[in-house]
Amino acid sequence: MTDSKSRAASRVRLMTWDEDAVIATARELRAEAGGASIAFAYASTDWQPHLKDFIEILQVEGHARCVVGCSADSIIGTGEEDENVAGFSVLFLNLPQASVTTFVIDSGFEIPRGLRTDGCWIIMGHPGRLHAQMLLEDMNRVYPGMPVFGGMAGGGWDSD
């Protein structure tokens, strides 16, 4: 894509796993946003057996270079919030001028040094596994003034 404008597109789909519907949704998002520098995906817990396929479809059919996400007890999208339902919510952000880096924050995680300081951090953490206050304090020491967005997500899955 040669267009240098940032674009975004999102979809909410309330349904059980349906590969064809996910492919169609990924293609719609690609057509609307031109692909994604990063895609944020939230899926209900019953989608757990299909997550690898779900992510692969977003990458291949949606041209999403990076996909991050978590499980969800509620599916939220523009003007919509549904609790205890099957389905997913996806946000495609096509940011041609942005640099996107992802990290898994586990027990061995150390905040990387020397990253750009003109962006932001987006955190999605499991409340049973991440000590958010400690992480934020450490991040503020290493990258003072860097904005942090996000929150705790858990979606009812076990902590392993």
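The values are calculated or read from the model by the stated rules, or taken from the named source; none is laboratory data. Please read all numbers here as calculations on a predicted model, not as lab measurements. When we count neighbours, we look across all protein chains shown, and the Cβ atoms used for this are built from the backbone with ideal geometry, even at glycine. These area figures cover heavy atoms from the full protein model, side chains too; ligands, DNA and RNA do not enter into them. Shrake-Rupley method; radii C 1.70, N 1.55, O 1.52, S 1.80 Å.
Close contacts from segment 112-135, counting a first residue that is of a type in the set (Ser, Thr, Tyr) and a second that is surrounded by 14 or more Cβ atoms within 10 Å (Cβ to Cβ), with Cβ to Cβ under 9 Å and a gap of 6+ residues or different chains, come to THR117/TYR143; THR117/MET146.
When every residue of segment 49-58 is checked against the conditions, at least one turns out to be in contact with a strand residue (DSSP E or B) (Cβ under 6 Å, 6 or more places away or on another chain) and buried (at least 17 other Cβ atoms within 10 Å of the Cβ). Considering only residues in segment 137-155 that are assigned to a loop (DSSP other than H, G, I, E, B) and in contact with a strand residue (DSSP E or B) (Cβ under 8 Å, 6 or more places away or on another chain), the one that is most open to solvent (accessible area, probe 1.4 Å) turns out to be PRO147.
Considering every residue within segment 71-82, establish whether at least one is of a type outside the set (Lys, Arg), closer than 28 Å to VAL142 by Cβ and touching a residue at least 40 places away in the same chain (Cβ under 8 Å).
So far as segment 71-82 goes, no, none of its residues is of a type outside the set (Lys, Arg), closer than 28 Å to VAL142 by Cβ and touching a residue at least 40 places away in the same chain (Cβ under 8 Å).
Give segment 20-33 a look and list any residue that's closer than 16 Å to VAL67 by Cβ and of a type in the set (Gly, Ala, Ser), or say none. Of everything in segment 20-33, those that are closer than 16 Å to VAL67 by Cβ and of a type in the set (Gly, Ala, Ser) turn out to be ALA26, ALA33.
Would a scan of segment 124-136 turn up a residue that is open to solvent by 60 Å² or more (accessible area, probe 1.4 Å), part of a loop (DSSP other than H, G, I, E, B) and among the charged types (D, E, K, R)? Yes, the conditions are met somewhere in segment 124-136. Summed over segment 34-48, residues that are open to solvent by 10 Å² or more (accessible area, probe 1.4 Å), under 16 Å from SER10 (Cβ atoms) and more than 13 Å from the chain's Cα centre (by Cα) total 1.
Applying the selection to segment 59-106, what residues are loosely packed, with under 13 Cβ neighbours inside 10 Å and at pLDDT 95 or above? Answer for segment 59-106, where residues must be loosely packed, with under 13 Cβ neighbours inside 10 Å and at pLDDT 95 or above: just VAL60.
Scanning segment 8-47 for residues that are of a type in the set (Ser, Thr, Tyr) and within 12 Å of ALA86 (Cβ to Cβ), we see that the one that is modelled with the highest pLDDT is THR16. Taking the condition on the phi > 0 side of the Ramachandran plot and either modelled with pLDDT of 85 or more or out of contact with any His (no Cβ under 7 Å at 6 or more places or on another chain) (or both), does GLY156 pass? Yes; evaluated as a whole, the condition is true for this residue. Taken as a whole, the structure leaves PHE88 outside the set of residues that are within 23 Å of ILE23 (Cα to Cα), touching a residue at least 40 places away in the same chain (Cβ under 8 Å), of a type outside the set (A, V, I, L, M) and touching an Asp or Glu at 6+ places or on another chain (Cβ under 8 Å).
Select from segment 107-123 the residues that are in a strand (DSSP E or B) and open to solvent by 70 Å² or more (accessible area, probe 1.4 Å) and list them in ascending order. Across segment 107-123, the qualifying residue is only ILE122. VAL85 meets the conditions (1) touching a strand residue (DSSP E or B) at 6+ places or on another chain (Cβ under 6 Å); (2) not in a loop (DSSP other than H, G, I, E, B) in every case but one. The failed one is (2).
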